[in-house]
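Computed from the coordinates by the stated procedures, all read-outs in this text should not be read as laboratory data. It should be emphasised that the depicted structure is a prediction, and the values quoted were computed from it without experimental measurement. Cβ: placed from backbone, ideal geometry, glycine included. Neighbour counts: every protein chain shown.
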């Protein structure tokens, strides 16, 4: 299983690109892949091909009306571990003995 964090946005569409992010999040949400949205991107959890397929769908949708797209992708693979989208945070909270802001 992998955790894949990505941020994709169009260039040349002004300061606010929330409209484009919302379209991508709709694709992500409908995919059924576990995810967590954060202020700087989205983290997906699943098999390699599955999470990259979702990123590709977001790219294909964005390129329909965007001439330039910026995308950053970070991947963390760990054999045999699922549920890390939540367990990585829980591990830190356990060590701190308190909840952290999310």
Subset of the stretch 89-102 [surrounded by 10 or more Cβ atoms within 10 Å (Cβ to Cβ) and touching a residue at least 12 places away in the same chain (Cβ under 8 Å)]: 89
Hits in the stretch 5-37 - residues which are within 14 Å of the chain's Cα centre (by Cα), assigned to a strand (DSSP E or B) and in contact (Cβ under 8 Å) with a residue 24 or more places away in the chain: 5, 6, 7, 8, 9, 35, 36
Output for the stretch 59-80, where each listed residue is surrounded by 13 or more Cβ atoms within 10 Å (Cβ to Cβ) and over 18 Å from the mean Cα position of the chain (by Cα): 66
Counted residues, the stretch 6-58 - those being surrounded by 12 or more Cβ atoms within 10 Å (Cβ to Cβ), out of contact with any helix residue (DSSP H, G or I) (no Cβ under 9 Å at 6 or more places or on another chain) and over 23 Å from residue 84 (Cα atoms): 2
